[in-house]
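The values are calculated or read from the model by the stated rules, or taken from the named source; none is laboratory data. Fair warning: this is a prediction, and the values are worked out from it, not measured in the lab. No Cβ is skipped: glycine too gets one built from the backbone with ideal geometry, and neighbour counts run over all protein chains shown.
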């Protein structure tokens with residue numbers, strides 16, 4: 001390590017020690033951030049669904065996947081197939097599972113990219129999963145605006161590879177973890193998850209073996225790279241807390257709620273259904289920041305400043321739960337709503353996938369996004385370099401309609 005690096009580390013430590021707030025910050029639970037009671041499900045149905053089954057979890061070493069693994073273990077599956085492409089994260093997950101001292105469940109860790117058909121097919125052949133929880137995804141909105149290739153490869157083609165193999169190997173149920181950002185998407189992340197939903201809807205219409213089900217929820221409190229850890233870190237160093245815009249509003253859900261919703265969707269869901277939790281009212285990020293500061297024992301704009309830095313690439317002010325064509329209805333749980341995937345007949349899924357595959361080969365981001373925008377008209381970019389494509393496509397549509 002260089003002398004310059006040593007000096008920077010030393011200065012950081014000194015700055016942290018001199019921070020007047022970090023020693024007296026109060027701790028709080030993530031549930032304290034909710035302006036509602038956490039939602040709980042009766043787990044008897046989940047237990048009956050999971051017990052003695054072979055379960056595959058993709059993205060198993062990520063924030064949601066890791067917690068799903070730990071909850072599913074409690075329901076005594078016959079086996080767990082844990083798929084993730086991050087070697088170090090898989091190693092850490094294995095160490096955590098070892099500490100749980102599980103002996104009666106066969107647990108297989110598998111390092112691989114879900115979009116790699118040649119890697120995934122032998123896994124299905126050998127392990128014959130009965131249930132799949134598909135959590136593998138690229139999810140960071142501003143980052144994916146600059147890396148559309150990876151979002152399309154993982155979120156779209158990864159879902160396509162797994163879903164096709166699920167049908168081929170008679171998987172009973174396949175649960176996709178989607179997002180509210182797939183509703184009227186404004187960014188690459190959202191539109192790739194929307195396309196993943198469409199792939200599953202298309203397969204629901206074509207096959208009689210596998211039931212494809214979708215879960216949608218908002219921001220999961222405390223996940224890696226999400227807003228709460230960022231705000232907490234900013235508060236810990238004395239501020240300022242950086243909010244993108246005073247009008248930004250989001251739905252929030254706890255990790256436990258998210259995992260139970262996914263498991264409930266598997267246990268009770270049927271083909272083409274979208275499971276949506278009642279997440280309460282939309283929460284302004286400004287209010288969340290103020291609440292976190294107060295729960296830490298400080299006063300907003302007195303001890304800790306809140307500043308506004310502007311919307312990031314791809315962000316919209318308010319997220320939505322349902323598309324205009326989708327209607328939800330009450331379910332067997334008072335805090336659960338079930339909608340059906342709206343019919344999509346504006347394009348042929350396989351034809352669009354062929355176009356996207358060619359665009360991936362060329363590496364042209366604009367061509368990839370143009371294809372998605374023409375296939376999914378409600379995809380309108382916000383605060384993004386791809387807004388220029390909306391103007392071009394809208395002109396073409398206007399000329400065509402005339």
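What to note about this one:
- Flag for residue 186 being touching a residue at least 40 places away in the same chain (Cβ under 8 Å), under 20 Å from the mean Cα position of the chain (by Cα), part of a loop (DSSP other than H, G, I, E, B) and more than 24 Å from residue 66 (Cβ to Cβ): yes
- Counting only strands (runs of 3 or more DSSP E) wholly contained in region 281-376, the ones carrying 1 or more residues that are farther than 29 Å from residue 266 by Cβ occupy 306-308.
- Some residue of region 211-232 being in contact with a strand residue (DSSP E or B) (Cβ under 9 Å, 6 or more places away or on another chain), without any contact (Cβ under 8 Å) to a residue 40 or more places away in the chain and in a helix (DSSP H, G or I): yes
- The number of residues in region 243-286 that are over 15 Å from residue 30 (Cα atoms) and free of Cβ contacts under 8 Å to residues at least 40 places away in the same chain comes to 2.
- Residues in region 255-267 that are surrounded by fewer than 21 Cβ atoms within 10 Å (Cβ to Cβ) and touching a strand residue (DSSP E or B) at 6+ places or on another chain (Cβ under 8 Å): 255 only.
Let's see how each residue does on (1) at pLDDT below 95; (2) closer than 30 Å to residue 216 by Cβ; (3) not in a loop (DSSP other than H, G, I, E, B):
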| site | (1), (2), (3) |
| --- | --- |
| 1 | yes, no, no |
| 5 | yes, no, yes |
| 10 | yes, no, yes |
| 20 | yes, no, no |
| 27 | yes, no, no |
| 42 | yes, yes, no |
| 49 | no, yes, yes |
| 65 | no, yes, yes |
| 72 | no, yes, yes |
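- Here residue 252 passes the criteria (1) modelled with pLDDT of 95 or more; (2) within 19 Å of residue 320 (Cβ to Cβ) except the one numbered (1).
- Among the residues of region 106-125, the ones that are part of a helix (DSSP H, G or I) and surrounded by 17 or more Cβ atoms within 10 Å (Cβ to Cβ) come to 3 in all.
- Put simply, of 183, 175 the only residue that is buried (at least 17 other Cβ atoms within 10 Å of the Cβ) and either assigned by TED's automatic domain parsing to the domain that holds residue 382 or in contact with a strand residue (DSSP E or B) (Cβ under 6 Å, 6 or more places away or on another chain) (or both) is 175.
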